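A short write-up of the structure that comes next.
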Amino acid sequence: MRLDFVWLRDHCRSASCYNTKTKQRSLDTASVDLAIRPQAVRVDETTLFLTWPDGHVTRYGLEWLVRNSYEGQKQQVMHPRILWNAEIYRQAQVPSIDCRSFLETDEGLKEFMQNFLLYGIAFVENVSPTKEDTKILAERISIIRETIYGRMWYFTSDFSRGDTAYTKLALDRHTDTTYFQEPCGIQVFHCLKHEGTGGRTLLVDGFHAAEQVLRQAPEHFELLARVPLKHEYVENVGGCHNHMVGVGPVLNVYPWNNELYLIRYNNYDRAVFNTVPHDVVRRWYHAHRALTAELRRPDNELWVKLKPGKVLFVDNWRVLHGREAFTGYRQLCGCYLTRDDVLNTARLLGLQA
Ligand SMILES: C[N+](C)(C)CCCC[C@H](N)C(=O)O
Ligand SMILES: O=C(O)CCC(=O)C(=O)O
Ligand SMILES: [Fe+2]
């Protein structure tokens, strides 16, 4: 382990530097001399002792250092996941969670959360097909994110809003709200009614597709992770006037370990591409094509028919959704959830999130 002296002073867990009740730092880091060196250093079987020039003593358990040092963290993945194609997901036989168990027991909720974290999708069954009951489900794991579509939304093919979602047309795979600076973390879908044909839901693991691109052509992955682009939502229908713009790359990775955490993919809502010079534009289209080819491989497509009573939670930062064209009357309700609050629930249940 290589440890920096300022880092060691900064992370001191003594009573005057760190409040163990609130788990907050009391030390003013800016008051630490950036050239600080300990006056004395001693280590025994379990503990490292540092005495600083002003006489202050810092103690570190060696295990704490192993767990928390930057060098140690670099190796660790933030979010353990199982990347899937249709076959892998089917083989895994991930169960839907019963509504009562989800609402009334920690075990049910934890099993649901674990599935959701690992696969980016999870189902709850035996839910009453109403907007109110869907809301109760959503609020069990998070805070509903209110957007221009409202809190709980409810839609049919009536073109009440200026977006293809509100028609009977097929929708190719995409993630939602790419035109927000922070796209919505989770999307909840509940089909309350469908009298007609078609209308199946398509799900594709975007991280699995990106992983294939990384393997086959790392330079494509790199470009998709580096080049920022804009998505936008321009609406002027009825009383709805909106103009949203979100900027960011297709693949968002943590800079310290290159781990993918967000895919922004919506060809409908992608805006004029004007953020990079000519030669990069050309290479970017090649990279985008490579990713699209992976996303469109039939073996990556999971098709499900949403039925009243069965609620789908989709990780909108990872899993793309789409739908088949349909006929007849179809009614869907749902909402978006704030991601931090879903992960908060997962951590409180003892899961790594
Ligand atoms: C889900 N709900 C029907 C409310 C909104 C649909 C938003 C559609 C938009 N093109 C997007 O992909 O973000
Ligand atoms: O109608 C559907 O099944 C989904 C439409 C859609 O993509 C959306 O509402 O975000
Ligand atoms: Fe969508």
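A few remarks follow.
- Inter-residue pairs, beta-carbon under 6 Å, first under 19 Å from residue 150 (Cβ atoms) and in the stretch 163-191, second at pLDDT below 95 and within 12 Å of ligand 3 (Cβ to nearest atom), 6+ apart: 166/155
- The set of residues from the stretch 208-229 being among the charged types (D, E, K, R) and under 19 Å from the mean Cα position of the chain (by Cα) comprises 211, 226.
- The residues on offer are 234, 253, 281, 227, and the sole one that is aliphatic (A, V, I, L, M) and more than 19 Å from residue 178 (Cα to Cα) is 281.
- When the residues of the stretch 146-164 are filtered to those that are of a type in the set (Phe, Trp, Tyr) and touching a Leu at 6+ places or on another chain (Cβ under 8 Å), the one that is farthest from ligand 1 (Cβ to nearest atom) is 154.
Conditions tested, residue by residue: (1) within 14 Å of ligand 3 (Cβ to nearest atom); (2) part of a loop (DSSP other than H, G, I, E, B).
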residue	(1), (2)
176	yes, yes
181	no, yes
188	yes, no
192	no, no
211	no, no
223	no, no
247	no, no
265	yes, yes
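- Within the stretch 311-333, no residue that is in the same structural domain as residue 198 (by TED's automatic domain parsing) sits with its Cβ atom under 9 Å from a residue that is away from ligand 2 (no atom under 12 Å from the Cβ) and at pLDDT below 95 at 6+ positions apart or across chains.
- Spans of strands (runs of 3 or more DSSP E) in the stretch 39-140 with at least 1 residues under 26 Å from the mean Cα position of the chain (by Cα) and among the hydrophobic types (A, V, I, L, M, F, W, C): 121-125
- Residues of the stretch 238-246 include none that is touching a helix residue (DSSP H, G or I) at 6+ places or on another chain (Cβ under 8 Å), in contact (Cβ under 8 Å) with a residue 60 or more places away in the chain and closer than 30 Å to residue 139 by Cβ.
- Subset of the stretch 165-176 that is near ligand 1 (Cβ under 10 Å from one of its atoms) and more than 23 Å from residue 136 (Cα to Cα) - its residue that is farthest from the chain's Cα centre (by Cα): 166
- Any hit, the stretch 285-307, residues being under 21 Å from residue 168 (Cα atoms), within 16 Å of ligand 1 (Cβ to nearest atom) and more than 13 Å from the chain's Cα centre (by Cα): yes
Here's the yes/no breakdown for (1) farther than 19 Å from residue 218 by Cβ; (2) hydrophobic (A, V, I, L, M, F, W, C); (3) in contact (Cβ under 8 Å) with a residue 24 or more places away in the chain; (4) not assigned by TED's automatic domain parsing to the domain that holds residue 242:
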{"site": "270", "(1), (2), (3), (4)": "yes, no, yes, no"}
{"site": "273", "(1), (2), (3), (4)": "yes, yes, yes, no"}
{"site": "280", "(1), (2), (3), (4)": "no, yes, yes, no"}
{"site": "284", "(1), (2), (3), (4)": "no, yes, yes, no"}
{"site": "287", "(1), (2), (3), (4)": "no, yes, yes, no"}
{"site": "291", "(1), (2), (3), (4)": "no, yes, yes, no"}
{"site": "296", "(1), (2), (3), (4)": "yes, no, yes, no"}
{"site": "303", "(1), (2), (3), (4)": "yes, yes, yes, no"}
{"site": "306", "(1), (2), (3), (4)": "yes, yes, yes, no"}
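- Any chance residue 134 is buried (at least 17 other Cβ atoms within 10 Å of the Cβ) and either within 15 Å of ligand 2 (Cβ to nearest atom) or among the acidic types (Asp, Glu) (or both): yes
- Condition met for residue 149 (away from ligand 3 (no atom under 16 Å from the Cβ) and over 24 Å from residue 347 (Cβ atoms)): no
The values are calculated or read from the model by the stated rules, or taken from the named source; none is laboratory data. Note that the structure is predicted; figures quoted are calculated from it, not measured. So basically every Cβ, Gly included, is an ideal-geometry build from the backbone, and we count neighbours across all protein chains shown.
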